[in-house]
1. Springs between alpha-carbon pairs under 10 angstrom, Gaussian network model over the chain: which of 94, 152, 52 fluctuates most?
2. Using a simple spin-label model with points 7 Å from Cα along the Cα→Cβ vector, what separation in nm is obtained for residue 99 and residue 15?
3. Using only the alpha-carbon atoms, what does the stretch 16-92 span along each of its principal axes? Please give whole angstrom values in decreasing order.
4. In nm, what is the difference between 0.36 nm times the number of residues separating residue 154 and residue 36 and their Cα-Cα distance?
5. So how much slack lies between residue 131 and residue 8, counting 0.36 nm per residue of separation and subtracting their Cα-Cα distance, in nm?
6. How many lysine pairs in the chain, separated by 8 or more positions in sequence or lying on different chains, have Cα atoms less than 27 Å apart?
7. What nm value, rounded to one decimal, do you get for the distance between residue 113 and residue 163 when each label is placed 7 Å out toward the C-beta?
8. Beta carbons within 10 angstrom, averaged per residue: use that to sort the peptides 78-86, 134-142, 55-63, highest first.
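Every number in this text was worked out from the coordinates using simple rules, so none of it is lab data. All of these numbers come straight from a predicted model, not from anything done at the bench. Neighbour counts are summed over all protein chains in view; Cβ atoms, including those assigned to glycine, are modelled from backbone coordinates with ideal geometry.
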Amino acid sequence: MESMEEGYREHLTPQFFMPELPLIQSFGDCPKQVREMIEAASPVLWVDPSSAANRLRSSVEALMDWEGIPRKWSSNGKSYNLSLHRRIERFKTAKPTFSKAADLLLAVKWIGNVGSHGSVIRVLDVLDAVDILDRIIQQLYDTSPARIERKAEEIIARKGLPASHITSLPMPPF
C-alpha cells in the first residue's frame, strides 16, 4: 500500500463473511427448494465462485421441477433425460406469459454451466446471476409492494375472516 499522497489506495477484497450475506432480500412465494439452492450459494460465493454459480444453476433446475417441467421424456419406449436448456424452452412454451422469465433463466443457466465445468468465473459474474434470479422471482412469485397491498385490501374486505368462509363479500379486483 502506498500513501494517498502518491495516488494509491489500499484495495481490499473480502474472502469470507460470517454469517454469510443474503443474496436475495425477498423471496415472496418462491418455492422452498429454489430458495434453499440460492441460499446455499451464499456461504461459498467469495471462496469458490464456481461452486456458487453451480448452486444457482441448481436453483433453476429446482424451479423447473416446481413448475412441473419434466426432467425426462419418452419416445418409442425409450426414456431420455432433458437438458436444463430444453426444460427452460419447454417452460417458455408451456407458460408463454413467462417467456421473458424463461430468457432470464437461460442466462443463469449459462453462468452456472461456466461454473460447473471448471472455467474461471468471477464473483461479479455470480452476482449478475443473482440479480437475474431476483428479477425472475419477482416475475414468477410477485414480491412487489402492490401484491402486499392487494392482500391487505382482500383481508379488509373479509374483515379478517378466512377467504374460505366468505362468499357474500365482494373481493377487490386483481
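1. 152
2. Each label point lies 7 Å from its Cα, and together they span 4.9 nm.
3. The Cα atoms of the stretch 16-92 stretch 53, 27, 16 Å along their principal axes.
4. 39.5 nm
5. Here the answer is 41.1 nm.
6. So the count of such lysine pairs works out to 20.
7. Reported label-point gap for residue 113 and residue 163 is 3.9 nm.
8. On the way: 78-86: 12.3, 134-142: 18.2, 55-63: 23.6.
Per-residue Cβ counts within 10 Å, averaged per peptide and sorted highest first, yield 55-63, 134-142, 78-86.
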